[in-house]
Amino acid sequence: MHTDAQPTAPVIEFRDVEKQFDDKTVLKDLSFTVERGERVTLIGPSGSGKTTILRLVMTLAELTGGYIFIGGEPLVYEQRNGKRVPVSKRQQKQLTTRIGMVFQQFNLFPNMTVLENIIEAPIHVLGIAKRDAIERAHQLLEQVGLPDKADSHPTALSGGQQQRVAIARALAMDPEILLLDEVTSALDPEVVVDVLQVLRDVAATTDVTMLIVTHEMSFARDVSHRVMMLDGGKIIESADPETIFTNPSHERTQQFLSAVLRDA
Ligand SMILES: Nc1ncnc2c1ncn2[C@@H]1O[C@H](COP(=O)(O)OP(=O)(O)O)[C@@H](O)[C@H]1O
Ligand SMILES: [Mg+2]
């Protein structure tokens, strides 16, 4: 299946991506790459297309134009004899299995315990033995600071705790790519730091590639190798965090950052 895999290929590549909702074009001619192990943060105003980019990587949104490659392999469409043709469902599923996503609203399965939430996909998608999945789940719960919550139901947990379970659930799949979409935006301010600390630890202790959407600028500055500023579905600036946050070259970036930092 992965005979075309290129170890040196970017772990994510968008090539001339276009995204339309009905007749509204949200992303146009969007091309960028994320290297293996790189942590890239997308910033930009509401409606600029940040969530849409993550959802396209996760194949939760339909790709209406262009190509996305994961580790050099086409995710949704490929070019064959000059034509844009869909890849097999099997290939798509195999590639998305390597990607984890954490959402603003946690999206835990409400009818399952914390443990069941975490072991579900490793068992049913990866085929991991149940006792190994359980052992790993307990390790992950320890790692996110919730060692005694395995048998709780999500509704019995605070938002910050639910989000840490959601992170554990994503990590349980041992993803190559972790997508984080404003994972602290729905949380009470006093628990944001706990969730960000878990993610800082993941960044410090693993080489998982991260594509992050956040308004937490100090977090973005600390964990990102690169920050991409999005406006109107276009990347208007892409640079290391030091440059973006202290000396952005684009006036739109300056305006956006001063508005966000004023609100913080
Ligand atoms: N399911 C949808 N149907 C129609 N328009 C959508 C849908 N999802 C997003 N959009 C539009 O796409 C644009 C980008 O949205 P989004 O990616 O959510 O932006 P961001 O995450 O940067 O706030 C917005 O104009 C939004 O209204
Ligand atoms: Mg969004």
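Quick notes
- Subset of segment 90-135 [within 24 Å of residue 56 (Cα to Cα), among the hydroxyl-bearing types (Ser, Thr, Tyr) and not in a helix (DSSP H, G or I)]: 97
- Criterion (over 14 Å from the mean Cα position of the chain (by Cα) and at negative phi) met by exactly one of 141, 211, 178: 141
- Inside segment 43-54, residues that are near ligand 2 (Cβ under 9 Å from one of its atoms) and under 13 Å from the mean Cα position of the chain (by Cα) make up a count of 4.
- Any hit, segment 4-26, residues being within 16 Å of ligand 2 (Cβ to nearest atom) and among the aliphatic types (A, V, I, L, M): yes
- Which numbered condition residue 251 fails, given (1) more than 16 Å from ligand 1 (Cβ to nearest atom); (2) crowded, with 17+ Cβ neighbours inside 10 Å; (3) farther than 29 Å from residue 164 by Cα: (2)
Condition check ((1) within 16 Å of ligand 1 (Cβ to nearest atom); (2) in contact with a Gly (Cβ under 9 Å, 6 or more places away or on another chain); (3) of a type outside the set (Ser, Thr, Tyr)) across all residues:
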{"site": "17", "(1), (2), (3)": "yes, yes, yes"}
{"site": "23", "(1), (2), (3)": "yes, no, yes"}
{"site": "31", "(1), (2), (3)": "no, yes, no"}
{"site": "35", "(1), (2), (3)": "no, no, yes"}
{"site": "47", "(1), (2), (3)": "yes, yes, yes"}
{"site": "73", "(1), (2), (3)": "no, no, yes"}
{"site": "83", "(1), (2), (3)": "no, no, yes"}
{"site": "95", "(1), (2), (3)": "no, yes, yes"}
{"site": "104", "(1), (2), (3)": "yes, no, yes"}
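- Filtered residues of segment 129-156 (kept if within 19 Å of residue 199 (Cα to Cα) and of a type outside the set (D, E, K, R)): 137, 138, 139, 140, 141, 143, 144, 145, 146, 147
- Any hit, segment 143-160, residues being in contact with a Ser or Thr (Cβ under 8 Å, 6 or more places away or on another chain), of a type outside the set (Ser, Thr, Tyr) and either modelled with pLDDT under 95 or closer than 30 Å to residue 218 by Cα (or both): no
- Residue among 211, 178 that alone is within 16 Å of ligand 1 (Cβ to nearest atom) and among the hydrophobic types (A, V, I, L, M, F, W, C): 211
The values are calculated or read from the model by the stated rules, or taken from the named source; none is laboratory data. Values in this document were obtained by computation on a predicted structure and should not be read as measured data. Note: ideal-geometry Cβ built from the backbone for every residue, glycine included; neighbour counts use all protein chains shown.
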